[in-house]
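The values are calculated or read from the model by the stated rules, or taken from the named source; none is laboratory data. Predicted, not measured: the structure shown is a model, and the values here were computed from it. Glycine gets a Cβ as well: all are built from the backbone with ideal geometry, and neighbour counts include every protein chain shown. Accessible surface is based on the protein model in full, side chains and every heavy atom, while ligands, DNA and RNA are left aside. Shrake-Rupley method; radii C 1.70, N 1.55, O 1.52, S 1.80 Å.
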Amino acid sequence: MHDPSQPAPSEPAPYRRALVWDIPTRLFHWLLAGAIVGAYWTGEFGGFDKTWHMRFGYAVLALVVFRILWGLFGSRSARFSSFLRGSATVWAYLRTLGKASAHPTDTHNPLGALSVIALLLAVFAQAASGLFVDDDILTQGPLNGLVSRELDRFAGRTHGIAVWFIIGLVVLHLAAIAYYRFRKGENLTAAMITGRKDLPPGMGMERPASLWLAGLFATISVGVVYFTVEILPPLLR
């Protein structure tokens, strides 16, 4: 029984809704998902004309460039420096996966961070290799004429293999979402839609991200891809 002469033990402060994912990060997430699905569908079922497949690939490239810029200079929770951790932290987090409760975090958890980097590398390899591929039927990547036949074949193999890495990572991503939802009671999908989740006091974004900066990075990203696809090939031929 508690001694009335002693101060009552303090209770942990209640969780409250906090902003975790800014609008640019959420838009990137859903646009990349749509671009990946669109590229896969048009590549597999679009027939011989790969125009839309290539357009979706260009969108993927622009989104990856944007995410790199946003990961370096964007909001705190989206920066690579805020969620990339060493191996010791990753292993320590792995030991908590079996617990029913989720460890609160206002950015990607250590395991999710590895998934983010792996997916960015895989989709970049897939989309970038497509710039050099010639399918010997109807479609030729805009940079195909700048490489040797050996590099063309290497790009083709990379393009064909990377898609399976992407599929595997997407399956793992969906499995992790389901596991966290039903085992740990954390709705990751809702957080990526609303940008908010329940967190202890002191966690979360202090202020919304700069939409002007995000717009600038989006413009730069589109410009980089446009230059690579439309302007660079004629200059180097």
Condition met for residue 81 (open to solvent by less than 20 Å² (accessible area, probe 1.4 Å) and at pLDDT 90 or above): no
Are there any pairs, at least 6 apart or on different chains, whose C-beta atoms fall under 6 Å, with the first in segment 36-56 and farther than 16 Å from residue 162 by Cβ and the second open to solvent by 60 Å² or more (accessible area, probe 1.4 Å) and of a type in the set (A, V, I, L, M), and if so, which? 48/137; 48/138
How many of the residues in segment 37-58 are open to solvent by 40 Å² or more (accessible area, probe 1.4 Å) and part of a helix (DSSP H, G or I)? 12
If I filter segment 126-143 down to residues being surrounded by 19 or more Cβ atoms within 10 Å (Cβ to Cβ) and without any contact (Cβ under 8 Å) to a residue 40 or more places away in the chain, which single residue comes out as nearest to residue 233 (Cα to Cα)? 132
Pairs needed: first member in segment 162-182, within 18 Å of residue 103 (Cβ to Cβ); second member anywhere, among the charged types (D, E, K, R) and not in a helix (DSSP H, G or I); C-beta distance under 6 Å; at least 6 residues apart or different chains. 180/186
Within segment 84-94, can you find the residues that are open to solvent by 60 Å² or more (accessible area, probe 1.4 Å) and either in contact with a strand residue (DSSP E or B) (Cβ under 8 Å, 6 or more places away or on another chain) or farther than 27 Å from residue 182 by Cβ (or both)? 84, 87, 88
For segment 125-149, which positions are of a type in the set (S, T, N, Q) and not in a strand (DSSP E or B)? 126, 129, 139, 144, 148
Residue within segment 66-74 that is under 30 Å from residue 23 (Cα atoms), without any contact (Cβ under 8 Å) to a residue 40 or more places away in the chain and outside any loop (DSSP other than H, G, I, E, B) present: yes
Evaluation of residue 213 against (1) over 19 Å from residue 107 (Cβ atoms); (2) part of a helix (DSSP H, G or I); (3) open to solvent by 30 Å² or more (accessible area, probe 1.4 Å) (one fails), failing number: (1)
Restricting to segment 59-78, name every residue that is surrounded by fewer than 20 Cβ atoms within 10 Å (Cβ to Cβ) and of a type in the set (Val, Ile, Thr). 68
Criterion violated by residue 31 - all others in (1) at pLDDT 90 or above; (2) open to solvent by less than 50 Å² (accessible area, probe 1.4 Å); (3) within 27 Å of residue 78 (Cβ to Cβ) satisfied: (2)
Could you say whether any residue in segment 95-103 is surrounded by fewer than 21 Cβ atoms within 10 Å (Cβ to Cβ), within 11 Å of the chain's Cα centre (by Cα) and within 22 Å of residue 205 (Cα to Cα)? no
